[in-house]
Every structure is written in structure tokens, then in C-alpha cells.
Amino acid sequence: LRNQFVQKAREYLLSQDFTEIETPYFSSPTPEGSRDFVVPSRMYPGKFFALPQSPQQYKQLLMVAAFERYFQLARCFRDEDLRADRGFEHTQIDIETSFLTREEIMELDEAMITYAVEAVGGKIKEKPFPRFTYKEAMERFGADKFDLRTEEDKKNGLLAFAWVTEFPFFEKADDGSWTFTHNPFSMPAPEHLEWHLRGENVGEIITQQYDLVCNGYEVGGGSVRAHRPEILAATFRIMGYSEEKIRSDFGHMIDAMKFGAPPHGGIAHGVERMIMILTGETYLREVVAFPQTASGRTSVMNAPVEIPSSAMKELGLKVDNVNKE
């Protein structure tokens, strides 16, 4: 089923003139909401690669480089707490496109999901997918991930997709500073752009973010991106970044945008979670060939493991104060 679903999604995107492009696995840490998995460098002692939480920055750079319609089956790595519907690594159908409005991106994506789901026998409750603002979702369901199915719908195996839009851009972190709710690379709503640039009324700024939910799960998330350097820089200033840190962490993005980035946006869908919903499973491990255990180990290789002291020495690493099981 997974193979068929992925192939149908790819088939649809190729029919819409998208180009499949792979982006690097070895990258730098990014502020995307989770902890990074890091890889030590033998050639540069004391320095580390980070495995990508998503191809976010790379796909935006592809838009600057005039690849107007990109997608890939991207492997993503996130060191976050495990749940029934979440693991350390997953594959996502990753999409980015230039010169489309938010509405056009959502319509294109909805057509792809509908095509792929129905091609593998899935039954969709309502088309076009209903839409709710974040405020409406919270008032009606008490959450931005909700289940629109009746008991009869559940018996019939229906898939109740819905869009959620108009999210707050920022929320307060535990330390009292502002942080992003979804994606720091998003564009604020047009009517809030001046607030954003001036750092005013931060808690009221709405972002052009959109999530796709199905049967109580988030199955996709995307946004119209900030394609002007001053907008991206303003986001990180609101979050308390110094000019030096903005330059060191995102100078490559800001420099690229100065050449003239087109308006662009995109979305990504977790493949494993989609298959979990299509099959009616409640645990991600049931739809993964080599799942992780609940304790965060790989089920076959029993990783993570210790590596030989010679390899540690070659990498310039030393581990102190480890509590062994």
C-alpha cells in the first residue's frame, strides 16, 4: 500500500510539471522545533553535521535558483519524544512551488492527496475538504487536530480531511521569549506585515500557515514563505536573535533572497502517518518495515550502540559520566 500511495503521489506531481530533486542529508542545525541528530566530522575535529529535520532551507534555495516546482520523498530525522504516531525518522512527500498563492497551493495539494488516496482504495468523506481557521477549530473542537467522522463514518472506513488556516505566528516560550508556532520561514498575513517588520503586536500576528488534518491527526503542514530578506530577519529578531546570530545561522538564506527570490510556498506530508490512517492502524510501527522500539532502539540492529575506542579517538570524542543500562 505504501509503495502504491507514494507512486500515485509522484505520478500526480510529475503530471503537474514538478521536478524530483534530492537534497543533502549532511547539513547544519536548524530551528525547526525538535532536537537535531548530530554526526561528528573526522576531517573537522570538534565540529558536527546535523541530519535534516526537513529540507526546508534547501527547497527554498531551489526556488531562488529558478526550480519553480520541486518535490522529493525526503527522509527526515528528529530527536523528539516517541509517540504511537511519531518516530525518530520518517519519510515525507515534500513539495515547494513558486508563483502560486496560498489558495492555489492548497488546491494543488488537495488534488494530489485525493488522487493518491482514491487510487489505493481510500474513501474520502467530503470533497472539497472543509476549512477552518485556527480560531474556529479551537472554539469548536478544542484542538487544531480533530476528527470530523461520525460513528457510522468510522464503521465505513471514511477519511475525513480538513484544512486549518490562519495560525498565530508566535507563542510564548517557557522562558518568556517569543518562538514560532509552526515554521519561522513563513510569511505573515498581508495585513500584519507592518507589525511583523516593526516587531509590534507580536501575539496578534497571523501567519500564512496551513495544516491538513485527517481523522484526528495532522497529516500535512505548509505555508507561504517569507521571500524577502527583511521579513525573514524580522522573524528572528522577534524571537530574540542578535544580528550576529541571524547572520551566522541564516546569512546564506538572506544573501540568496537579495538576488530576488520569487514568491513561493509549499507543504509536506508524512508518509508513514498517512499509511497508518489509510490502514486503520493506531501505531506507526505497524506500517514500518523496520520499526523502532518504544524505548527508542532500532528493532533489528539494537542501535544505538557503543563504538570502538579507536573510532572515538579518531573522531576526537570522549564520553563522560554515562549511566550504562
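Here are some notes:
- Extension gain, Q16 to I124: 0.36 nm times the residue separation minus the Cα-Cα distance gives 36.6 nm.
- Set K59/K135; K125/K155; K245/K313; K127/K154; K59/K125 screened for pairs whose C-alpha atoms are more than 21 Å apart: K59/K135; K245/K313; K59/K125
- Selection from P128, I231, Y217, by position along the positive dipole direction of region 2-291 (Cβ): Y217
- q = 0.12, 0.30 Å⁻¹, region 1-60: log10 I(q)/I(0) [Debye, one scatterer per Cα]: -0.47, -1.15
- Between F26 and E200, residue separation times 0.36 nm minus the direct Cα-Cα distance comes to 58.9 nm.
- Along the axis of the charge dipole computed for region 111-210 (Cβ charges of +1 for Lys and Arg, -1 for Asp and Glu, origin at the Cα centre), the listed residues N156, A111, F170 are led at the positive end by N156.
- Here the chain is treated with +1 on each Lys and Arg Cβ and -1 on each Asp and Glu Cβ, and its dipole about the Cα centre works out to around 740 debye.
- A Förster radius of 51 Å combined with the Cβ-Cβ distance from Q4 to A311 puts the calculated FRET efficiency at roughly 0.80.
- Inverse of mean 1/r across different Cα pairs in region 226-325, Kirkwood, Å: 18.9 Å
- Projecting the Cα atoms of F99, L62, P45 onto the charge dipole of region 2-291, computed from C-beta unit charges around the Cα centre, puts P45 farthest toward the positive end.
- Highest mean packing first, where packing is the average number of other Cβ atoms within 10 Å per residue, the peptides 98-104, 208-214, 43-49 line up as 208-214, 98-104, 43-49.
- Cα gyration tensor category, rounded, prolate or oblate, for region 46-200 with a/c compared to 1.5: rounded
- Rh (Kirkwood; distinct C-alpha pairs) - region 2-291, Å: 19.9 Å
- Dimensionless Rg over Rh [region 174-255; C-alpha; Kirkwood]: 1.00
- Summed over all non-identical Cα pairs, the Kirkwood treatment of region 113-252 gives a radius of 16.8 Å.
Read-outs throughout are calculated quantities, based only on the coordinates presented, and are distinct from any laboratory measurement. Bear in mind that the values here come from a model prediction, so they are computed numbers and not experimental data. Positions of Cβ are generated from backbone atoms using ideal geometry, with glycine treated the same way; all protein chains shown enter the neighbour counts.
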